[in-house]
Amino acid sequence: MMQRDYLLNEARKMALLLAKLFGLKAESNDEEYRQYFNTVLQDEYNAELDDLLQTSEADFVSMLKSRAYSAEKLNALSQMLYVFAEPFNADEETAAILNKVLAIFDRLEAEHHYESFDNLSKRKHILSFFKNNYERI
């Protein structure tokens, strides 16, 4: 029972964090958004925004493996990075972020057997973005 309560509390906390991030992004308050985004990364993932943005995809995947985040935390991180990348500009920073989102989706599916319609839809949107802008597919 205690584990269930813990998981519910973690899910609620992540939902509130995501809601606040989405609200700040929608308000177009970039400075406050980046600051809060970085605070969440530090508090929840022990990571810095600039480090995540500059980390190679291989190092990012290694970090995910070594830190063994729960499916809920991985999913929340993928949602945060996806929203951070919006609107999808055809530049290398956006491509790097979206590749990290895909890496998280892959880890969720392979290690946690976690799939959602939302993630499948986002994966399709990302792959379409790459196809239209980079011809990688």
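Here, each number is a calculation from the coordinates, and none is a lab measurement. Since this is a predicted model, take the numbers as computed values, not measurements. FYI the Cβ positions are ideal-geometry reconstructions off the backbone, even for glycines, and counts take in every protein chain you see.
The table for this structure:
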item	result
Selected from 95, 110, 71 as most flexible by GNM, with the chain as the system and alpha-carbon contacts under 10 Å	110
From the coordinates shown, semi-axes √(5λ) of the Cα gyration tensor in Å corresponds to which of [x] 23, 19, 15; [y] 33, 26, 15; [z] 80, 13, 11	[x]
Net charge dipole size for region 38-135 [Lys, Arg +1 and Asp, Glu -1 on Cβ; Debye, nearest 20]	340 debye
Contact order relative to length of region 2-134, as percent, for alpha carbon pairs under 8 angstrom and 6 or more apart	21 percent
Among the listed pairs 65/131; 20/65; 13/124; 20/122; 73/100, those beyond 23 Å (Cα-Cα)	65/131; 20/65; 13/124
Sorted peptide list for 20-29, 80-89, criterion being average Cβ within 10 angstrom, highest first	80-89, 20-29
Residues 69, 114, sorted so that the one with the fewest Cβ neighbours within 10 Å comes first	114, 69
